[in-house]
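Can you keep this structure in mind? I'll have questions shortly.
Taken together, the values in this text are just the output of simple stated rules run on the coordinates, not laboratory data. The model shown is predicted, which means the values in this text are computed figures rather than measured ones. Virtual Cβ from ideal backbone geometry, glycine too; neighbours counted across all protein chains shown.
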Amino acid sequence: MDLLKRKLEDIIKISSAYAFDDIKKLAESALKNYDKKSQISIFVCGRFKSGKSSFINSILKTDILPTGVIPVTGVITTLSYSSNEEFIVHFYDGKFIKVERNNLFEYITEEKNPSNTKNVEYVEIKIPFDKSLKDILFIDTPGFEYSSVHSQITSSLISEVELAIVCISFDSPLSENDIKLINQLKKYTPSISVVITKVDLINLDDRKKVINFIKNKLNDISIFEYSTKDDTIRQSLIENLLLPIVRQKDELKNNVILHKVDSIENYLISCLKTLIEIKTKEKNEIEKFKESFSKLLSRFESFKKDIRVIASNDYIQLRETILNIFLSYTHIHREFNEEIYNKLYSSSNLLNMSQNYEKTFKIILSKRISDIIEIERFRIIKILEKENSKIYDMCGDFVSETINEANRILNTKIPFILLEKPEVKLDIPKLKIFSAFDIHIELLWFIIPTFIKQFKKYIIKRIINNIDFEVEKNLTRTAMEISQSLKNSIDENINFLIGEIENRLNTIKQIYLNKDIDIEKIQKDINFLEQKGKTHHLPS
């Protein structure tokens, strides 16, 4: 990996010398992400009483997951390393809460949360454990006989894991359902291992028979034996199954980085070779290319305007969608009419009533709208992602067509490298609740400091009848502010992508602007980059 790092540094140095800012930026981005570690996901599954949770508890030397003789794990639970304990419950409506360790079982056990009546999507557990395993995310699942409610999320999780571990208890070795599960897993992940649990309960001869039986049935699957009571077996499984996956993951990551670095390097070499070809052309040919390239730049100016118009038109529909989402909650005023009525009725005079109304209304509605935002957060993000993906694809298509056109004009083969995809960011604006107490009524407190009962009821009724309007007004305002936040995010991404395209075009432009660099120097840099297995830095 040090070689890759040096290669990136060399690319940055050479591209800077030719003002190839696009290539320099790509290399700098790759160098920036060079040391980032990606987490390894291990999916642990099996039938009820197969020992899945006990297996994970034993590996991590903890008792955090529930175990027992009846179905206990009711929802998917992830476990990752952290120096401090943290427990987060995620719900299907997009909300999440942090809980204490002693409250975990209220959400993850079948007993306390039967058939997942609490609508838990998954529970995230962060705890200290063996640091050699800190790059692993363990995913504990309900026994598959009891987990039909989780089938959709389970499939999405499996598709992203590096290893699936199927736990099989020695006393029920490899049923038809186990084989079906393993075949299903093969569709999602190529790396599957079987762990035979509770082997301490049988003698060595029977243990060998069970293992041979399973091996004959699954000749392409790695098989490991395990006992929660034998630390030697535990250490053997860590060394022979888990740690190799960690090392293999690093190799996969290295291959991804290597591919990216090679792409950037080939891009630079192509530009340098094109630069030599341009410098050997006649002046009239160069002028002809400049003229053609100017037309490409003019097309880019038109594209910038077009994509902003498209985004602006899309925003009108987006804003309408967000508004409809929030206005579907106008009924929430019915939930707190009675609470506000009681507060108003206990007021001693109109001034006190106006103060009670303002305070109570803002507190209650603020909480309700905050809840709505959390419920709808996922849907809002998906709306934003869809628009950003559309814009990204349009920008990518434009760059691809432009590079092809430039190659046709120059008679070269400058490669097309995908634009960097900007991160989807959703900034929810700070919630502001507004309410308007009838000013004409409020002034009356000077005249009527003590209420007449009938008059008091009339005032309260008038206020209560106005709450639905106030709720709709605040929901509309919230929807508009969130829509504006989405627009700002989309505009920011457009600016980012346009900047990326400008860098790409400027690199091509520099090919005919680099007049003062001699061909010998360019060829020397090309030869240096094309050397295979080099271990030295670029000479100054």
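Could you order peptides 42-50, 80-88, 481-489 by the average number of other Cβ atoms within 10 Å of their residues, highest first? Don't skip to the answer; put the middle values down first.
Values: 42-50: 22.8, 80-88: 14.0, 481-489: 18.3.
Answer by packing, highest mean first, reads 42-50, 481-489, 80-88.
Taking neighbour Cβ counts within 10 Å as the exposure measure, how do THR78, THR478 sort from fewest upward? All intermediate terms of the calculation are to be shown ahead of the outcome.
Working: THR78 17, THR478 24.
The most exposed by this proxy come first: THR78, THR478.
If r is the Cβ-Cβ distance from SER298 to PHE496 and R0 is 22 Å, what FRET efficiency results, to the nearest 0.05? Write down the numbers at each step before the final one.
On the way: r = 22 Å, r/R0 = 1.01.
Step by step, r from the Cβ atoms, then E = 0.50.
Modelled label-to-label distance, SER312 and LYS217, 7 Å Cα→beta-carbon offset: nm?
6.6 nm
While we're here: Cα-Cα over 27 Å: which of LYS118/LYS473; LYS186/LYS386; LYS186/LYS249; LYS288/LYS390; LYS61/LYS198?
Working: LYS118/LYS473 32 Å; LYS186/LYS386 30 Å; LYS186/LYS249 19 Å; LYS288/LYS390 35 Å; LYS61/LYS198 16 Å.
Flagged as over cut-off: LYS118/LYS473; LYS186/LYS386; LYS288/LYS390.
Measure off 7 Å from each Cα along the Cα-to-Cβ vector at GLU85 and HIS259, then give the distance between these two points in nanometres to one decimal.
So the two model labels end up 4.2 nm from each other.
A follow-up question, please. From the phi angles alone, apply the Karplus equation (6.51, -1.76, 1.60; θ = phi - 60°) to the stretch 173-178 and give each ³J(HN,Hα) in whole Hz, x where the residue is Gly or Pro.
Per-residue couplings from phi come out as x, 6, 7, 4, 5, 4 Hz.
If you don't mind, there's one more thing I want to ask. Quick one: if you stick a label point 7 Å off each Cα along the C-beta vector at PHE469 and LYS288, how many nm between them?
Distance between the two pseudo-spin positions: 7.4 nm.
Once the other residues with Cβ under 13 Å from the Cβ of GLU420 are scored (Lys, Arg +1; Asp, Glu -1), what is the net sum?
Details: positive: LYS25, LYS32, LYS260, LYS421, ARG504; negative: ASP22, GLU28, GLU423, GLU500.
Cβ neighbours under 13 Å give a net charge of +1.
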